[in-house]
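The values are calculated or read from the model by the stated rules, or taken from the named source; none is laboratory data. Keep in mind that what you see is a predicted model, and the values were worked out from it rather than measured. Glycine gets a Cβ as well: all are built from the backbone with ideal geometry, and neighbour counts include every protein chain shown. These accessible areas exclude ligands, DNA and RNA; they are computed on the full protein's heavy atoms, side chains included. Shrake-Rupley method; radii C 1.70, N 1.55, O 1.52, S 1.80 Å.
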Amino acid sequence: MRMFGSENFHINTFNLLLVIFVALGTLATAYGLAIIGSTSGQPNFYAYFNLAQQGEPGYEHTTNILGGLNGANSGGAFVGCIIAAWSSDKYSRKHTIQIGCVFLVIGGALNAGSVAISMFAIGRVIAGIGSGILAMVVPMYQGEVATADTRGAMMCVTGIMWAYGYSFAGWIGYGCAHIPGDSPHASAAWRFPLAFQCVPPLIVLAGSRFIPYSPRWLLSQDRREEAYQIIQRLHGRKDDPNHIHAKEEYYLMELQHEADKKLMLNRRFEIFRTKANRRRALVSVLLMFFDQMEGVYVLANYGVLIYGSLGLTGYTPLLLNACWTTFTIIGNTWTAFFVDKFGRRPFLLIGTSGCLMCLIFEAALTAQFLGTDNKAGLNAAVFFVWFFIFFWCFLMDATQFVYVSEIWPNHLRAQGTALGLATFFLASEVTLVAAPIALNDIGWKFYLVLICPTVVYLPIIYFLFPETKGRTLEEIGELFGDKHIAAHWYGISEEEKKRIEHDAMNVTEDGRIGSIEAKREPLQTAGDVEKDAHGDKPNIERSEDVSDQS
């Protein structure tokens, strides 16, 4: 029975639970980034630190403080990405997840116990380091333990948990805002939401002994037997007692691992050395930079301030902020079900087009009605904030985490993913630090700062971003021009698939390919099959030319 690559794919229950469990770290990451949005709507927070509220004298100083606190978190996250790039290869994806959780717990505790803004800022930096580590390593780990058929859905769990993190921040912040200002426990209105950030990473740390190592990382350490056993556990199924599916997948992974070893592709700055790697690096940077510049995290972190500027008062801004973050859970879950069916490119193109349209209308409505008492115009501006979120969470949010990690080969995935996420947090330094000041000083014109890069982003997606759905992680490199792809699955003939199944049965229990491998012919590529269909002689001899490696 054909299972690997089947249209009717099967998700191993342990695999799914594992992916959800490690994503609790992502939930904490998103919660930590978002909680400042709820905190900035807490009157008790302003009162405790002697900060002026919106509309009061001295509010400019408050906007500087809020921007600085977000900048501290994003700066820490940038550092966290760099740490994770090294740690993920050196100490494994599993231990890097544990390290990120420790940073988050320490940072969250410092924030919750802060007695001065300086202490709060230090806590934000430390929590940011943990956020950067987990934002980088979790989706990468999810992709490495998933099959080609389920990879998009599995990695979208990161987006779903990201949405849950923002939702929890919104609702907990809204609930705590009802604590009276004259209560002896008034500071709990902002301390408790900040302390809650410690809960998810503590759960992950407590259960981390049950998290297996990434099989692809184990292969990079030549721990084949462990890698093979984990693949069987992750992708085993009741109707496959001989583990044919797992053997096929492991067989293709092992072939590529051996090919990479022969080419010695672990030189310093390898992610920039070849033409294929430079293109991947460019795509990673552009993807995460422009996604951030569309402004979704401005709306997420400063939604309360935006709603306040549009005439909404009292608890309403906090309530709306909580409601839209809950809505993102639905969108990211939808993405998980359909990103493997429709592909990454359509989601990015349609989502970006929708977000651009909303930003244009938001700028026009804000320019026309901000500062007036025209309820219809102000409500329309609120509507387009929500419509923006619709396009983002249904098409963009989870997709970006899938794409930035899966385009890199196994031996460079940690460095490449870190490059993309580091760009993401670096760009957030621009948007999140500037946003509260800009919204207060230049109003609607700030939306032009988001519209211009979004216009540029659309042709970049169309011309530079290849479609990756359905391909194994090992063969995606061919889309970027790699010459050393050892084996293919996507687009090959049924005869070749049967040959892979036959050869995969020779995988030994210690995770080594049987002796038949030395005698077999190179596999056809999808391009070779297409040439053969047109009557041309198929080029089954895969080039080992690495002249572009220098």
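Work out the FRET efficiency for residue 52 and residue 386 from their Cβ-Cβ distance, taking R0 = 25 Å, and round it to the nearest 0.05.
In this case the efficiency is close to 0.30.
If we sort 274-281, 450-457 on the protection proxy, mean other Cβ atoms within 10 Å, highest first, what's the order?
274-281, 450-457
If each of residue 237 and residue 261 carries a label point 7 Å out from its Cα toward its Cβ, how far apart are those two points in nm?
3.0 nm
Given only helices, namely DSSP H runs of n ≥ 4 each adding -39500 (n - 2.57), what is the per-residue ellipticity at 222 nm of the chain, to the nearest 500 deg cm²/dmol?
Mean residue ellipticity at 222 nm (helix-derived): -23000 deg cm²/dmol.
Counting only Cα, what are the radius of gyration and maximum Cα-Cα distance Dmax of the chain, in Å?
So, for the chain, Rg and Dmax equal 24.5, 83 Å respectively.
Which length gain, in nm to one decimal place, applies between residue 493 and residue 119 when the Cα-Cα distance is subtracted from 0.36 nm times their residue separation?
128.5 nm
Quick one: if the Förster radius is 35 Å, what FRET efficiency do residue 86 and residue 202 give, using the C-beta to C-beta distance and rounding to 0.05?
0.90
Tell me the relative contact order for the chain as a rounded percent, counting alpha carbon contacts under 8 Å between residues six or more apart.
Computed value for the chain: 22 percent relative contact order.
Mind checking the angle between helix 117-145 and the chain's longest principal axis? C-alpha axes, 0 to 90 degrees, to the nearest 10.
It is inclined by approximately 30 degrees.
Report, in degrees rounded to the nearest 10, the 0 to 90 angle that the Cα long axis of helix 24-39 makes with the longest principal axis of the chain.
So the inclination is approximately 20 degrees.
Heavy-atom accessible area per residue, the chain, 1.4 Å probe: how many Å²?
That works out to 38 Å² per residue.
Give, in nm to one decimal, the length gained when the segment between residue 210 and residue 441 is fully stretched (0.36 nm per residue of separation minus the Cα-Cα distance).
Going from the current span to full extension adds 78.0 nm.
Around residue 136, with a cut-off of 11 angstrom between Cβ atoms, what is the net charge of the other residues, counting Lys and Arg +1 and Asp and Glu -1?
So the surrounding residues net to +2.
On the protein heavy atoms, probe 1.4 angstrom, tell me the percent of accessible surface of region 369-430 carried by carbon and sulfur.
72 percent
Taking 0.36 nm per intervening residue step and subtracting the Cα-Cα distance, what contour gain separates residue 509 from residue 313 on full extension?
Gain on extension, residue 509 to residue 313, equals 64.0 nm.
Mind pulling the angle between the C-alpha long axis of helix 244-263 and the longest principal axis of the chain? Nearest 10 degrees, somewhere in 0 to 90.
On a 0 to 90 degree scale, this one is about 90.
Please give the FRET efficiency for residue 222 paired with residue 342, using the beta carbon to beta carbon distance and R0 = 35 Å, rounded to the nearest 0.05.
The pair residue 222/residue 342 has a calculated efficiency of 0.35.
Sort the following peptides by mean Cβ neighbour count (other Cβ atoms within 10 Å, averaged over residues), highest first: 433-443, 502-512, 348-358, 16-26.
Top to bottom by mean Cβ count within 10 Å: 16-26, 348-358, 433-443, 502-512.
State whether region 146-210 is rounded, prolate or oblate according to the following rule on the C-alpha gyration tensor (a ≥ b ≥ c being the square roots of its eigenvalues): a/c under 1.5 gives rounded; otherwise a/b larger than b/c gives prolate, and the remaining case gives oblate.
oblate
Lys and Arg at +1, Asp and Glu at -1: add these up for the other residues within a Cβ distance under 12 Å of residue 35 and post the number.
Residues near residue 35 contribute +2 overall.
Among 334-347, 415-428, how do they line up from the highest to the lowest mean number of other beta-carbon atoms within 10 Å?
Order by mean packing, descending: 415-428, 334-347.
Going down the table (90/238; 262/483; 90/341; 90/262), which pairs top 25 Å between alpha carbons?
Pairs exceeding 25 Å: 90/238; 90/341.
Counting only protein chains, not ligands or nucleic acids, how are 171, 86 ordered by accessible area (probe 1.4 Å), most first?
86, 171
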